[in-house]
Amino acid sequence: MSTLMQKIYCLKNISLRKYFTNGHERSIKVKVNILTTFLFRSINIAIYLLLVPLTLNYLDPIKYGIWLTLSSVIVWFDFFDIGLGNGLRNKFAEALTKNDKILARIYVSTTYFILAIIVLFIYLLFLFMRPFLNWPKLLNAPSGMAMELGRLVFFVFTFFCIQFVFKLIGTILIADQKVGLSSIFSVISNLLSLVIIYILTKTASSSLVYLGIAMGLTPAIVLFAANIFFFSRDYREYFPALKFVKLKYARNLAGLGFKFFLIQISAVLIFSSSNIIIAQIFGPAEVTSYNIVFKYFSVMTMLFSIILMPFWSAFTEAYHKQDFSWIKTNTKKLVKIWIIISIGILIMVVISKFVYRIWIGDAVHISFLLTLLMALFSIINSWNSIFVSFLNGVGKIKLQLYFGMFVALMNIPLSIFFAKNLKVGNAGVLLATCLSLLPCTILWPLQYRKIVNNQATGIWGK
């Protein structure tokens, strides 16, 4: 019997090895990236889920809602890189495809330099404006928290500015089709944050400032260390240096990058405005319930993003080599995986009440309508992300830019109208977002088909 089991084990190992070593070189990279990303993101999801009840226990629903709302505001500043990160991702991948290491280093050095200038300007502007900002009013928080919120914002924004530049090492790894390796940064930083917050629950009183330091300092340190590690080893030949800063190449980065920037602004207005709208209309406590449901379904959406993430740079390489057969084959596989993910999301709706009770107890009330709409949002967003990943990878994003801005501008007033008039609470904001995204479910697949079949003309091919 033991001999039979050993044979089965050996056969499984051989089959697994064949799966990860056979096929197109690009496909092998994608498979390895999916496996390594899955391992790291699985750990990250577990940490992510543990952080919610732990943070709720350390704070309370109102303070936790304030923290989530502030985090949404900080995300807005993350896009002040004017799309240079995504521009670098595509241009660095192109340079590697052409084996032009000097050009790749120029793109890296120029991007680091420009982002350093941008973040210095933003930080000085923040320090100047800080005394004039009324954070309790902006976050709809009690006026007695003014001093605590002022200190919280200072620490969080300072650590954000450090991450702003150093996060580019992750972009470089992703462009080099090492997505799995780039995922380890968030695992380490979140694990450290989890440990620190656990210690705080045992040793310190409830404090948004301590939480902000725990959540902001760790990723800043991890990313700084990652830059030193990778630029002294694997990417020594791409180490950013002033003599390789060529501002004339900024046009190549910024031309594509600025389009990405505008798309990112649209994405922020669509996806990150919800917390702010809910906080202003219903108060910070309702932000907490909204985000708990969001985090619940993010288990599935993060799983799909793990599978999808390596394809952006792989699509870039395949497109520049005119390998449309590979693109079509793998897009069909992604659609099949999306169907499985969607079924998983529907199962999560059925068992949601039971999971909420185990996960967070009775601390927060969550309506079934909010759960159902978040499931619909997750399914729609996952479908769109398949084709957006392709369009971003090949740089055909003008239609996405124009229509994305229209959707973003439509989403905010629609969210406010539904939230105030439908009498369904924070679920009204989510319903508006779902309706705003529905046209994209047709437009993005249509543009994809036109491009891969060489039928894209006008705005469809730009």
*Please go through the residue pairs LYS101/LYS462; LYS98/LYS332; LYS91/LYS321 and name each one whose alpha carbons sit more than 21 Å apart in this structure.*
LYS101/LYS462; LYS98/LYS332
*Given a cut-off of under 8 Å on Cα pairs at least six residues apart, what relative contact order in percent is computed for the stretch 20-461?*
24
*Remind me, relative contact order of the stretch 315-429 in percent, using alpha carbon pairs under 8 angstrom and six or more residues apart?*
29
*asked:* For a test of the definition: using alpha carbon positions, the gyration tensor, and the 1.5 limit on a/c, classify the stretch 317-451 as rounded, prolate or oblate.
replied: oblate
_the chain - mean residue ellipticity at 222 nm from DSSP helices (-39,500 (n - 2.57) per run, n ≥ 4, rounded to 500)_ = -27000 deg cm²/dmol
_Please enumerate, by chain and number, the lysines with C-alpha under 26 Å from the C-alpha of LYS137, excluding those fewer than 8 residues away in the same chain._
LYS63, LYS420, LYS423
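Quick check on my link table: of LYS328/LYS396; LYS396/LYS450; LYS31/LYS450, which ones sit more than 19 Å apart, alpha carbon to alpha carbon? Could the numbers behind the result be given before it?
Values: LYS328/LYS396 16 Å; LYS396/LYS450 11 Å; LYS31/LYS450 27 Å.
In this structure, LYS31/LYS450 lie more than 19 Å apart at Cα.
State to the nearest 20 debye the size of the charge dipole of the chain about its Cα centre, where the only charges are +1 on K and R beta carbons and -1 on D and E beta carbons.
1300
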*If you compute Rg and Dmax of the Cα atoms in Å for the structure shown, which of (1) 22.7, 76; (2) 38.6, 140; (3) 27.2, 90 do you land on?*
(1)
*asked:* Rounded, prolate or oblate for the stretch 322-400? Axes are the square roots of the Cα gyration tensor eigenvalues, ordered a ≥ b ≥ c, and the cut-off for rounded is a/c under 1.5.
replied: prolate
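Determine, for THR55, THR457, THR201, THR111, the number of other Cβ atoms within 10 Å of each Cβ, and report the residues in order from fewest to most.
Listing THR55, THR457, THR201, THR111 from fewest to most nearby Cβ atoms yields THR457, THR201, THR55, THR111.
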*Pick out the long, greasy-scoring helices in the chain: whole DSSP H runs spanning 24 Å or more along their own axis by Cα, mean Kyte-Doolittle at least 1.0.*
101-129, 146-166, 184-203, 208-231, 284-308, 324-350, 368-394, 398-421
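Relative to the Cα centre, what is the charge dipole magnitude of the stretch 120-252, using +1 at the beta carbon of each Lys and Arg, -1 at the beta carbon of each Asp and Glu, and rounding to the nearest 20 debye?
Dipole about the Cα centre, nearest 20: 380 debye.
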*Cα shape, the stretch 54-186, gyration tensor, a/c 1.5 rule*: prolate
*Among LEU346, LEU399, MET374, whose Cα sits farthest toward the positive end of the charge dipole of the stretch 327-427 (+1 at Cβ of Lys/Arg, -1 at Cβ of Asp/Glu, about the Cα centre)?*
LEU399
*Please work out the C-alpha center-to-center distance from the stretch 400-439 to the stretch 293-354 and express it in whole Å.*
24
*Top positive-direction residue, dipole computed over the chain with Cβ charges, set VAL153, VAL32, THR110*: VAL32
*Most exposed first by the Cβ proxy, i.e. fewest other Cβ within 10 Å, how do TRP135, TRP67 rank?*
TRP135, TRP67
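Tell me, LEU192, LEU369 in order of fewest to most beta-carbon neighbours within 10 Å?
Values: LEU192 18, LEU369 15.
So the residues, fewest neighbours to most, are LEU369, LEU192.
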*Would you mind working out the magnitude of the charge dipole of the stretch 269-359 relative to its Cα centre, with +1 at each Lys and Arg C-beta and -1 at each Asp and Glu C-beta, to the nearest 20 Debye?*
300
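Only the coordinates and a few stated rules stand behind these numbers; no lab work does. Quantities reported herein were computed from a predicted structural model and do not represent experimental measurements. Please note: Cβ atoms are built from the backbone with ideal geometry, for glycine as well, and neighbour counts cover all protein chains shown.
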